[in-house]
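Please treat every number below as a calculation from the coordinates, not as lab data. Values in this document were obtained by computation on a predicted structure and should not be read as measured data. Virtual Cβ from ideal backbone geometry, glycine too; neighbours counted across all protein chains shown.
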């Protein structure tokens, strides 16, 4: 019996130490937060949003399986579908343990069955990198957390952002909104 009590206090001490380390790690971060009203638009990877076209006139449009940039200084170069930082754009994913699971409980069985839905994932945000460096984490109400990984041709200044959606329909549904964005530097 005495042996059981000793291991119980040891487990309590470990849990207290873990909680203390979590509080210290959360409070000691160098990240500063600020909230700003920013105009947020949405985009997807379709031809209309990212300005690419199939085939090149060099090959008389016969290479229709290739994508080429159709506007701007990179016109005629191959379109890779990657962001300016070199990553693939993605929509945010709330994860298994989140407020989204509580507000939409019908998603719980889906998230339990597919292991890649267990972890939260930040979305892709396009911003002017003179004001927001690559890797800046933002919280956009109605969208979720996003990381600056892209630049946009029309995204100029500190008061404009562009968020990524997987479908053109959802990007159009977002439209253009002015929302209070939490910025973590």
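Kindly indicate which of 162, 74 is more than 17 Å from the chain's Cα centre (by Cα), within 18 Å of residue 49 (Cβ to Cβ) and either touching a residue at least 40 places away in the same chain (Cβ under 8 Å) or assigned to a loop (DSSP other than H, G, I, E, B) (or both).
Within the list 162, 74, the selection yields 74.
Name every residue in the stretch 138-154 that is over 18 Å from residue 90 (Cβ atoms) and either part of a strand (DSSP E or B) or in contact (Cβ under 8 Å) with a residue 12 or more places away in the chain (or both), in order of residue number.
Hits for the stretch 138-154 are 141, 153.
Would you confirm, using the coordinates I've provided, whether residue 130 is part of a loop (DSSP other than H, G, I, E, B), without any contact (Cβ under 8 Å) to a residue 12 or more places away in the chain and within 28 Å of residue 32 (Cα to Cα)?
For residue 130, the condition - part of a loop (DSSP other than H, G, I, E, B), without any contact (Cβ under 8 Å) to a residue 12 or more places away in the chain and within 28 Å of residue 32 (Cα to Cα) - is met.
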